Structures are given as C-alpha cells and as structure tokens.
C-alpha cells in the first residue's frame, strides 16, 4: 500500500498545497483580525475547512497513485472534485472577508445566492466523489486488509458527507437562516476549542466530521496493523488483519451512529447521559468481540 511520493496524483498535491496556503492565511487572520462571528473568531471556519480539504487532498492523491493504470473516468471525477472544492473555499473566504456567515445565510440576496451556489457545488462534489470511489473500489489496489480499509473508508466517507444534509433541513432559531447545525440551543454559544462544537447542546457537525474522515482513519489503521505485524506474530496472518479491519470499520460506523444519535438528542459531545454511555459500552464490547474474532482467524488457518 506504500507508493513513492513522486508518483502521487499531481493535481491533488497542488490542491493540498493550495489549501495549506489558505490554512496559513487563516492562521494569520486569527492573529491579526479580531472579528467574531456567531461566537467564534471569524477566521476559524476557513481554517477548519482548509485543514479538512488538506486531509482529503492527500488521501486522494495517494489513492489515485495506487491505481495500476490511468482511468479517464477517475481523472474527470478528480478534476470535478478539485474544482468544486475550490469554489466552495472561494465562497467561504469571500464571506469571511465580508464579515458574513457562509452557511444557511439567506438574509440578503447576495448571501442567499452564495449559499445556494455552495449547495450546488457540494452536490456535484458528492456525485464526483461517488464516481471516483466506485472506480477505485472496483479494483484491488492493495493487499486484502488494506484494500478493505480503502473500500470501507470510501463508503463511510460518502455517508458522512450526506450527514450534512440534516443541517440544511432543520428550522433555525434565527430569522433569515435556512438551517442550523445546533440542536436544542441557538448557534453562537460556548464551543470546544478549535472545532467550536457546542458544549451546551447537540451539534450535527460532529457526525459529519467523523464520517467524512473515515477515508483517512481506516486506511491508517490498516497500515498500522501491517507495521505492527513485524513485531506481533498474531498480526502476521493476513486473515487476522483483514478481520481487524472489518472490526474497525463496524466500530467506526457504530461511532458515527452514536454521535449522530447524541447530537439529535441535543446532547453535547463531552456531556453524555447514561443512555449514551450505555450505547458506548455496547460499542466497545462489540469491538472487543471483533478483536477476539480476528485473533481466531489465525487459529483457523493453523487447523485448516
């Protein structure tokens, strides 16, 4: 699953560098611009989006490099992904400079037009990502455990993107806004450092974020298992690592379901009630059972 950095997809590498530049500008904005928007520093949102796009760009640059031959369909999908991401970031930066909210904002014709354009670009972005994911997922581009991690990561990431839709359909407590990520509280209240996720109510950005980055987390888990196999004999069997990845994927999907449920109940991430803790305990138990099932794969191979 390792490839030389020089072979990674160049357009996505350039895109990642561009997003790193946006992140640097955003950090400068946080230092030099003391404006606050909806209870958070105005340059915090572009910084978060730039960092997220950086992770996304690196992941796709690497995935495309794993493909045994070029695919015109994948190249077209990649171009659309990059273009729509740039449009999204450009609108976000424009609104930041203007001192306006970029999401759910319909208070003026300009704000409404820009938010509608963001919605269109996100929809096109998702379709292009789906096409690219199908092209990549249809090929075996890595050893069995790593290939499973890639397929699960792509699929769960697509679901994570869709988890942003409920934010646009919820009634906002603010006039002129056509959606909200907060549940049970008005946006702009106390939030966690960096993420600004609500500490007083539910926040639908959490499951959206967790789901979106399955594409990075699951392949990294698979890679870690491969590295650890050199030290731990139990992991040297491919079947064991394959089952471990399945376990990680199921637990990760369960975690997304858990934080989604928690958010819709208007509950802050770091203030879970007993129901949330009980569900978390079940999830941990399922993970432990999955690890045992994975270890049993080595014994089955020995006795076969």
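Quick note: the coordinates plus some simple rules give every number you see, no bench work behind them. Worth saying up front: this structure is predicted, and the values here are computed from it rather than measured. No Cβ is skipped: glycine too gets one built from the backbone with ideal geometry, and neighbour counts run over all protein chains shown.
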Taking Cα atoms, the helix 44-66 axis meets the longest principal axis of the chain at an angle in degrees (rounded to 10) of 30 degrees
Under the rule rounded for a/c under 1.5, else prolate if a/b exceeds b/c, else oblate, using alpha carbon gyration tensor axes a ≥ b ≥ c, the stretch 88-134 is classed as prolate
A student applying the Cα gyration tensor rule (rounded when a/c is under 1.5; otherwise prolate if a/b is larger than b/c, oblate if not) would label the stretch 35-106 prolate
Measuring from the longest principal axis of the C-alpha atoms of the chain, the long axis of helix 238-264 (C-alpha) lies at a number of degrees, nearest 10, equal to 30 degrees
Note on the stretch 148-304: contact order normalised by length, alpha-carbon pairs under 8 Å, 6 or more apart, percent, works out to 27 percent
With Cα coordinates, the longest principal axis of the chain makes an angle with the long axis of helix 109-137, in degrees rounded to 10, of 10 degrees
Residue span residue 36 to residue 288: 0.36 nm per residue of separation minus Cα-Cα distance leaves a gain in nm of 86.3 nm
For residue 25, placing the label point 7 angstrom along Cα-to-beta-carbon and taking the stretch 189-211, residues whose amide nitrogen sits under 18 Å are none
Share (percent) of C-alpha pair distances in the chain greater than 37 Å works out to 21 percent
What the 5 Å binned alpha carbon P(r) of the stretch 189-301 shows, as percent of pairs per bin from 0, is 2, 12, 18, 18, 16, 12, 10, 7, 4, 1, 0, 0
Binned at 5 Å from zero, the C-alpha pair distances of the stretch 96-210 give percents of 2, 11, 15, 18, 17, 14, 9, 7, 5, 2, 0
So the FRET efficiency between residue 265 and residue 123, C-beta based with R0 = 30 Å and rounded to 0.05, is 0.60
Volume per residue (Å³) of the convex hull spanned by the alpha carbons of the stretch 132-177 is 76 Å³
What the 10 Å binned alpha carbon P(r) of the stretch 1-132 shows, as percent of pairs per bin from 0, is 12, 38, 31, 15, 4
If each part is reduced to its alpha-carbon centroid, the stretch 200-250 and the stretch 79-155 end up apart, in Å, by 23 Å
